[in-house]
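Peer 1: One structure coming up, written as structure tokens, with questions to follow.
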Amino acid sequence: MKLKILVLAIICFLIVASLFVGVSDVNLGSMLNDPQALNVFLTSRFPRTLAIVLSGASMSIAGLIMQMLMKNRFVEPSMVGTTQSATLGFVVVTLLYPGASLMFKMLVSCMAALAGLYVFMLIARRLPPTAYLMVPLVGIIYGGVIGAAATFIAFEMDMMQFLAAWINGDFSSVLAGRYELLWLTGILGVIAYLFANQFTIAGLGKEMSTNLGLNYSTIVSIGLGIVAIITAIVVVTVGAIPFIGLVVPNIISRLMGDNLRVTLPWIAMMGAGLVLACDLIGRLANYPYEIPVGTIIGILGTVVFLYLLFVKPAHVR
Amino acid sequence: MALFMTVNSSGNWDFVLPFRGGKLLALLLVAYAISISTVLFQTLTANRILTPYIMGFDSLYLLIQSAMVLLLGGLGYAMLDPAFKFSIEIGIMLVASVLIFSSLLFSNTGDLYRMILVGVILGVLFRSLASFIQRIIDPDDFAVVQNASFAQFNIVNTSLLQISLVLIVGVSIVIWRLRHILDVMALGREHAINLGIPYRRYNILILFLIAILVSVSTALVGPVSFFGLLVSGITYVLMKTHRHAVLIPAAFLVGALCLVSGQMLFEHVLGMKAVLSVVVEFLGGIVFLVFLLKRKTL
């Protein structure tokens, strides 16, 4: 119990820190006196912090759902091509309909993410179930191929710089009026929580689910849909945030087990906290210049992933 | 290959022969390195989807470039003797691969997939570190590093060719003499041990040879991921045999054909408009995906 309160306190601290760290001088005193500071706070700091919390939480939830549905602890949206498919969809639609509204582009991106995910599920079904670690490997190659396609199109159409902005998750461009789509991910996270028990059962496999009376294919479709939409929204709004969906559910699972109804809120909170911490590091490491959060997570996330690979959990929960 | 040397040369033989000859040799070496290393890797892992190039060598290469620029500054980096730089790059990559492969040595089950996954993750780690460094250095220095990000088949430094030639020819002789052992190892770990092959020892040896090939090709032309897959896929389809005595030369020829004709296309037909590596990656990726979805088994 004490640990949980400590974690909550840390997260609150991180949120407050994120609200007040930055190049401009914004603190409570200056906000009351200086309209400029208040403007910075409302237009940039607050939306940015909110965006971080929402994307961190929702990417963790998406990773969790994917792990449940694929029955493999080492998969997550950016490692099975979903992020790359969303990026590809976005690049293609920007190319073909540059004047289209953001909503339309996001819709196309969502469908691309869904398609990419579906194709990967087809591939994963062909893999021998005993080669547990082959699935993430194939996923990475698959994601790499799609990424190469997106790079190819961007290179030919001179959009490489545009693409680079999406490949690496970056919160520095989050302003009020450009991040509202992320609220949708929050709603999806809540929906995931409502379905938490069903996802837990679905994580036991098709036979067990049918045995227990669950409509397996419907739940799988809902789960995949949630994952694809969350991924697409986050990619379109802030870029790709890798590894959060992998690292956070694994850590929480080792600490608290697999009952989703219990662990989902904690996963969301830890995901938010982790991305907050990384973003803070990104803002402070090369002050006053910012390092994109995707890079920081790339460094931190890989180290934690290696730890997860090599250190087996103490006992089965 | 004759076409490569002669098309559009407009008679300036003094220049053309050494220039194009050097390029041709470089392309052949790289083709050999990439194709053979992929085929060997796929034999070892009994899996036609994987390629050694996902194991992070290209990211390590990028990281080495970025670190060198960070330490020496853009000017110092540009003034480095190419041969010296080349040997440092290969040296570091070999050390890294020995470290990764040694994890195989110390584990009982010899879980190859875990090692590959570690390689991939390390690749992401190196790429992120390189990106981090790139963000800290001067924009001028960054321009120097950015060139290293894409595989460059055009300007292959011919002075490096001598070292590469020696290395690759040496490796290829060893591989050719191992060809029968490779056939047995393709049967899988249990069968190979059953038939009397010291599996673990040869595993490490072949991985080391693959590491040399991958390091040399990455240091010569930059990062390539899917070209090897493209070549090995075509080779398996064309030569419906498992015997490495046939597969190895076939892979080399297919790879050389693809690379040389691709480069020719680019230079003469498309007028150097696009970057060969991007197209190759793209095509390789598509072929790979089609291949993947059509097969019933791996």
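Read-outs throughout are calculated quantities, based only on the coordinates presented, and are distinct from any laboratory measurement. This one's a predicted model, so the numbers in the text were calculated from it and none came from an experiment. Ideal geometry is used to build each Cβ from the backbone, glycine not excepted, and the neighbour counts take in all protein chains shown.
Peer 1: How large is ³J(HN,Hα), in whole Hz, for each residue of segment B:47-57 in order, when computed from phi with the Karplus curve 6.51 cos²θ - 1.76 cosθ + 1.60 and θ = phi - 60°, using x for Gly and Pro?
Peer 2: Residue by residue, segment B:47-57 yields 8, 8, 9, 8, 9, x, 6, 7, 7, x, 5 Hz.
Peer 1: With a point put 7 Å past each Cα toward its Cβ, work out how far B:Leu165 is from A:Tyr97 in nm, to one decimal.
Peer 2: So the label points at B:Leu165 and A:Tyr97 sit 5.7 nm apart.
Peer 1: Then there is this: Take peptide A:290-299, look around each residue's Cβ out to 10 angstrom, count Cβ atoms belonging to other protein chains, and average those counts.
Peer 2: 4
Peer 1: May I pose another question? About its Cα centre, how strong a charge dipole does chain A have in debye, to the nearest 20, once Lys and Arg get +1 and Asp and Glu get -1 at the Cβ?
Peer 2: On the way: 16 positive and 11 negative charges, 203 e Å.
I would put it at about 980 debye.
Peer 1: Sort the following peptides by mean Cβ neighbour count (other Cβ atoms within 10 Å, averaged over residues), highest first: A:91-100, B:180-189, A:223-232. All intermediate terms of the calculation are to be shown ahead of the outcome.
Peer 2: Working: A:91-100: 14.3, B:180-189: 17.0, A:223-232: 25.7.
Most protected by this proxy first, the peptides run A:223-232, B:180-189, A:91-100.
Peer 1: Just checking the output field for A:302-309: average partner chain Cβ neighbours within 10 Å of each residue's Cβ?
Peer 2: Details: counts 11, 3, 0, 6, 5, 0, 1, 4.
Per-residue shielding by partner chains comes out at 4.
Peer 1: So for chain A, averaging the separation of alpha carbon pairs under 8 Å that are six or more residues apart and normalising by length, what relative contact order in percent results? Don't jump to the answer; show the numbers that get you there.
Peer 2: Numbers: 458 pairs, mean separation 92.7, N = 317.
That works out to 29 percent.
Peer 1: Moving to a separate point now. Shape of segment A:2-310 from its Cα gyration tensor (a ≥ b ≥ c, root eigenvalues): rounded if a/c is under 1.5, otherwise prolate when a/b > b/c, or oblate? Mind dumping the intermediate values first?
Peer 2: On the way: a/c = 1.80, a/b = 1.28, b/c = 1.41.
It is oblate, given that a/c is not under 1.5 and a/b is not larger than b/c.
Peer 1: Can you tell which of A:Tyr132, A:Tyr118, A:Tyr179 shows the greatest fluctuation in a Gaussian network model of chain A with Cα springs below 10 Å?
Peer 2: Of the options given, A:Tyr132 has the highest mean-square fluctuation.
Peer 1: Hey, can you list the DSSP H helices of chain A whose Cα span along the axis is 18 Å or longer and whose average Kyte-Doolittle score is at least -0.5?
Peer 2: On the way: long enough: A:2-20 (27 Å, 2.55); A:46-70 (36 Å, 1.41); A:82-96 (21 Å, 1.41); A:102-126 (37 Å, 1.58); A:134-156 (33 Å, 1.76); A:182-194 (19 Å, 2.04); A:216-238 (33 Å, 2.34); A:260-285 (37 Å, 1.42); A:293-310 (25 Å, 2.39).
Sorted by number, the helices that extend far enough and score high enough are A:2-20, A:46-70, A:82-96, A:102-126, A:134-156, A:182-194, A:216-238, A:260-285, A:293-310.
Peer 1: Compare the peptides A:104-117, A:292-305 by average per-residue count of other Cβ atoms within 10 angstrom and give them in order, highest first. Mind dumping the intermediate values first?
Peer 2: Working: A:104-117: 21.9, A:292-305: 23.7.
Those peptides, ordered most packed to least, come out A:292-305, A:104-117.
Peer 1: Okay, moving on. For segment B:254-259, in order, what is each residue's ³J(HN,Hα) by Karplus, 6.51 cos²θ - 1.76 cosθ + 1.60 with θ = phi - 60°, in whole Hz (x at glycine and Pro)?
Peer 2: 4, x, 4, 4, 4, 5
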